[in-house]
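This report refers to the structure that appears directly beneath it.
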Amino acid sequence: MDNAEIIRKVEEAWDSQDLDALDQYFGPEFDNSASAVPGLPPGLAGAKMAHQGVMQSFPDRKVHIEEIVADGDTVAVRTRITGTNQGGFPAFNVPANDAPIDIAAVSIYRFQDGRIVGHWGLNDALTLMMQMGAIPAPA
């Protein structure tokens, strides 16, 4: 299985809530410190905790892979994340309001010996806040 296919399997595992399946794809030294949620443990354990929090807010969250580019031990993936605010979003002080979300995200993964050892990610948090009603959209 090539690195791009591993990323597809990882996204499928996140979407299907099969968090135990993720363990086979990540190295024990996995570093996501560049995009980790403050206050959570480092590595895959913290990523799983962050995901569980997101799923409480958006239980119908779905990642749509728009594009994957692989070059050696690096894979970049551009995604679209959709869902509905059914559980509130405490980080932005937003209650559950059934607001739909549809935002862009980009992740870059680094591989070593066929396993993910690094991740950097960025999502469109400004659009997310506007779609949830946490801040007003520009006039």
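The values are calculated or read from the model by the stated rules, or taken from the named source; none is laboratory data. This is a predicted model, so every value here is computed, not measured. Heads up, the Cβs are rebuilt from the backbone with ideal geometry, glycines too, and the neighbour counts pull from every protein chain shown. SASA here: full protein model, heavy atoms, side chains in, ligands and nucleic acids out. Shrake-Rupley method; radii C 1.70, N 1.55, O 1.52, S 1.80 Å.
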When residues of region 11-43 are limited to those that are touching a strand residue (DSSP E or B) at 6+ places or on another chain (Cβ under 6 Å) and more than 24 Å from Glu66 (Cα to Cα), the one most open to solvent (accessible area, probe 1.4 Å): Glu29
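Consider Arg78 carefully, then state whether it is modelled with pLDDT of 95 or more, of a type outside the set (S, T, N, Q) and open to solvent by 70 Å² or more (accessible area, probe 1.4 Å).
Yes; evaluated as a whole, the condition is true for this residue.
Per-residue answers, yes or no, for (1) under 17 Å from the mean Cα position of the chain (by Cα); (2) not in a strand (DSSP E or B):
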site	(1), (2)
Glu66	yes, no
Ala70	no, no
Val75	yes, no
Ile81	yes, no
Asn97	no, yes
Ala104	yes, no
Phe111	no, no
Residues within region 118-139 that are open to solvent by less than 20 Å² (accessible area, probe 1.4 Å) and more than 28 Å from Gly72 (Cα to Cα), tallied: 2
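Quick test for you: out of Arg115, Arg61, pick the one residue that is open to solvent by 70 Å² or more (accessible area, probe 1.4 Å) and charged (D, E, K, R).
Numbers: Arg61 fails: open to solvent by 70 Å² or more (accessible area, probe 1.4 Å).
Every option except Arg115 fails the conditions.
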